[in-house]
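See structure below.
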Amino acid sequence: MPSHRLPLWLKLAFTLWIAIWAPSYFAKVGWQNFLWLCDLASLLILVALWTESRLLMSAQWLAVLVVGILWSLDVGGALLFGVHPIGGTEYMFNAQVALSFRLLSLFHVVLPVVTSYALIRLGYDRRSLWLQTALTWLVLPLTLLLTDPARNINWVHGLFGQPQALLDPLVYLLGLMIGWPIVLYLPSHLLAIALQRRQAG
């Protein structure tokens, strides 16, 4: 395979973004926020860009594609119709949340574009489903153990940012660990395989 399949301008631009975004996020919300899988994906995408790792980039594409689309639809629905069709992005319209923080959150729109472009150049690695699932199974319990329940990072205390009380916390966590890869990663994985087969055909 040829080297330097990803353009230097993309690597430099994304590096500049991380250099601005990561310290700003840390200053505003602390280290716990980096346990969000989409926030962690930003850092791993930076590594994948510079190493041109097809496996790592594919895994992070699984992490951000559906989440980014749903996030964008929820923000778009609120902007156009005044209703959050999915939920979880209400903070984007909360005047008590710093505007700078809300603008930084627009990375949810950018990451699917960056990773999709990178995969066009690198190709998709089917092993990524297992890698991203393993990473998720590591991060979700750590989130439950290490983060403030009020922040509900990765929704380990309830879906769509709302706390749940119907299930035992560990039972709910187990369900989340099973459901997250099936609902968020598997559709993207199957789409990538279908596109690969179509291209090969």
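The values are calculated or read from the model by the stated rules, or taken from the named source; none is laboratory data. A quick note: this is a predicted structure, and the numbers were derived from the prediction, not measured. Cβ: placed from backbone, ideal geometry, glycine included. Neighbour counts: every protein chain shown. Ligands, DNA and RNA are stripped out before the accessible areas are found, and what is left, the full protein with its side chains, is counted by its heavy atoms. Shrake-Rupley method; radii C 1.70, N 1.55, O 1.52, S 1.80 Å.
The calculated Kirkwood hydrodynamic radius for the stretch 70-138 is 14.4 Å, given to one decimal from all distinct C-alpha pairs. State whether the chain is rounded, prolate or oblate according to the following rule on the C-alpha gyration tensor (a ≥ b ≥ c being the square roots of its eigenvalues): a/c under 1.5 gives rounded; otherwise a/b larger than b/c gives prolate, and the remaining case gives oblate. Since a/c reaches 1.5 and a/b is larger than b/c, the shape of the chain is classed as prolate. For the stretch 97-177, the square roots a ≥ b ≥ c of the C-alpha gyration tensor eigenvalues yield an a/c of 1.5 or more together with a/b not exceeding b/c, which makes the shape oblate. Scanning the chain for trypsin sites (Lys or Arg not before Pro) lying in DSSP loops with no more than 14 further Cβ atoms inside 10 Å, the longest uninterrupted stretch between such sites is 6-125. Taken along the Cα-to-beta-carbon direction at a fixed 7 Å, the label points for SER116 and LEU159 span 2.5 nm.
Could you identify which residue out of GLY82, GLY179, GLY68 has the top mean-square fluctuation in a GNM of the chain using Cα springs shorter than 10 Å? Of GLY82, GLY179, GLY68, the Gaussian network model singles out GLY82 as fluctuating most. For the stretch 8-199, the solvent-accessible area works out to 53 Å² per residue, with a probe of 1.4 Å and every protein chain left in place.
On the protein heavy atoms, probe 1.4 angstrom, tell me the percent of accessible surface of the chain carried by carbon and sulfur. C and S atoms contribute 73 percent here.
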